[in-house]
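See below for the structure under consideration.
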Amino acid sequence: MAREGKHSSAPGPDDGRIVAIRGSVVDVAFAGVTPRIQELLRAGDVALEVASLVEAGVVRCIALGTVRGLGLGAPVHATGASIQVPVGDAVLGRMLNVFGAPLDGLPAVTATARRPIHRAPPALEERVLRAEVLETGIKAIDLLSPIERGGKTGLFGGAGVGKTVLLSELIHNTVEHHDGVSLFCGIGERSREAEELWREMGEAGVRDRMVMLFGQMNESPGVRLLVGASALTMAEYFRDDRGQDVLLLIDNIFRYVQAGSEVSGLLGRMPSRVGYQPTLATELAALQERIASTHRGAITSIQAVYVPADDFTDPAAAQIFAHLSASVVLSRKRASEGLYPAVDPLASASVMLTPTVVGQRHYDVARAVRRTLAEYEELRDIIAMLGIEELSAHDRATVAQARRLERFLTQPFATVAGATGTAGKLVPIDKTLEGCERILEQATFDLPESAYYMIGALDEAEGNA
């Protein structure tokens, strides 16, 4: 952890004094050299980061923790550097905070190297594009919104539609089969979920290849705003210095935006549309542009995105969309029907879903599935008003196909097996394509719709009949 300062009645020549405290905002006056923007200051045990220059010799800081115990005139020590976190093998298998200090009850990390968390993204000439798909074993995602290896994928949804459960399943399915290093960054979420994930990763035997960083909802907005940069700094070390591929999982990127909005308000900046900070696009780009593939390695990011009031036109959701190569949209309507994972097949998309990347067969099957489900969506109102008997034979066949496809794309998850009593299923993409093809060909229409619900490969439907 960065060097601790202590309260003293005789401050050194580089020390300052607190002249104002307003919530998490602390103004500090320096008689000598004024600290730089993003420099770390210490007021006893309280860490402060310089956010702006108020006037000559006075800086405005954001407290990275509680300000309890601080008072006017208290000495503040300038460290001369920004926040730095440990990097390297020493952080593997650990649960850390924004400073790289342990949250797991184990001794402090004894890393030989530390890196500043505020870093520039890779230069344009260093970036590479990799037309590779990261297979997850989740049918709806692999078929309709394949994840780009070295890209950014968003899991969009409102409260209670299954974002965290889906992200946990992605961790379970990909970390175990991922050759490189995995990082989980928890931003503004529940501490209970952090403890559950820590325990599950230990039981799965993959914790020694993971790093977990948390700035949870009870932390100050400054911590929640910076913990993503700390996680990225560690990921960049494994990518650039070790030449390894890194899987970065973020829950929840909207809370990062929310923390930025809180900090902006505390600093007295004029809010923009819907109350967000005027620097929303800049702050988000500063984080997202660091997630990139280079000639040395790749960082693949999967991010849960909370959508306020299910409004996908919200400025935060719209800005996040712009940075992603794949978007998995979770539907409250599908969740209410018990169709989990509640992936909306018509709203989800991926730049990887082209014949040149996934192959002609995969592309054709995905298009046929989407077309069938779109036609069924158009027929729903007619069915509700007149009944399915009033449809033509062709339309009734479309409805039968669509309802079976909807149920086939559901799947039991290993991470909630204890609650559901059903073992999780990991389905290869070939089995997913084969099952969809047989349903589209009406090869298994002798089976009831319920036989397709919560199965892995289509062969299991016969056992459910």
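Observations on the model:
- About its Cα centre, the range 84-353 has a charge dipole of approximately 480 debye under the convention of +1 per Lys or Arg Cβ and -1 per Asp or Glu Cβ, with nothing else charged.
- Residue exposure proxy: Arg239, Arg114, Arg367, ordered by other Cβ atoms within 10 angstrom of their Cβ from fewest to most, comes out as Arg367, Arg114, Arg239.
- Leading residue at positive end of dipole, the range 84-353 (Cβ point charges), from Gln303, Ala322, Pro271: Pro271
- Residues whose placed amide H lies under 5 Å from that of Ala43, excluding near-sequence neighbours: Leu48, His77
- Taking amide hydrogens as placed 1.01 Å from N in the peptide plane, the amide H of Gly150 sits under 5 Å from those of Thr300, Ser301, each at least 5 positions away in sequence or on another chain.
- Exposure proxy shown here: for Val128, Val305, the number of other Cβ atoms within 10 Å sets the order, fewest to most, as Val128, Val305.
- Under-26-angstrom lysine pairs by C-alpha in the chain, whenever the two are 8 or more apart or on separate chains: 13
- Computed about the Cα centre, the dipole magnitude for the chain is approximately 1400 debye when only Lys and Arg (+1) and Asp and Glu (-1) carry charge, each at its Cβ.
- Whole-percent pair-distance distribution, where bins are 20 Å wide, for the alpha carbons of the chain: 23, 50, 22, 5, 0
- Ordering Asp310, Asp251 from the fewest to the most neighbouring beta carbons within 10 Å gives Asp310, Asp251.
- Computed over the chain, relative contact order equals 15 percent, with contacts defined as Cα pairs under 8 Å that lie 6+ residues apart.
- Counting only DSSP beta bridges whose two residues both lie in the range 84-353, roughly 30 percent are antiparallel.
- Note on the chain: helix-only mean residue ellipticity at 222 nm, from DSSP H runs of 4+ residues weighted -39500 (n - 2.57) and normalised by residue number, equals -10000 deg cm²/dmol.
- Distance between the 7 Å Cα→Cβ label points at Arg361 and Ala56: 7.5 nm.
- The modelled label-to-label distance between Ala347 and Met217, using points 7 Å beyond Cα along the C-beta direction, is 2.1 nm.
- At least 27 Å along the helix axis (C-alpha) and Kyte average at least -1.0, DSSP helices within the chain: 221-240, 360-386
- When DSSP beta bridges are restricted to pairs lying wholly in the chain, around 55% turn out antiparallel.
- A rounded overall shape is assigned to the range 84-353, the ratio a/c of its alpha-carbon gyration tensor axes (a ≥ b ≥ c) being less than 1.5.
- Charge dipole (debye, nearest 20) of the range 224-287; +1 at Cβ of Lys and Arg, -1 at Cβ of Asp and Glu: 280 debye
- The residues packed around Gly205, meaning those with a beta-carbon under 15 Å from its beta-carbon, carry a net charge of -1 if Lys and Arg are +1 and Asp and Glu are -1.
- Across the range 312-453, the mean sequence separation of Cα contacts (distance under 8 Å, 6 or more residues apart), normalised by length, yields a relative contact order of 19 percent.
- Over the range 16-78, relative contact order from alpha-carbon pairs under 8 Å, at least 6 apart, %: 41 percent
- Projected label points at Thr279 and Ala417, each 7 Å from Cα along the beta carbon direction, are separated by 4.7 nanometres.
Rule-based calculations on the coordinates, nothing more; no lab input. Treat the numbers as computed from the prediction; the structure is a model and nothing was measured. Neighbour counts run over all protein chains shown; Cβ positions are idealised from the backbone, glycine included.
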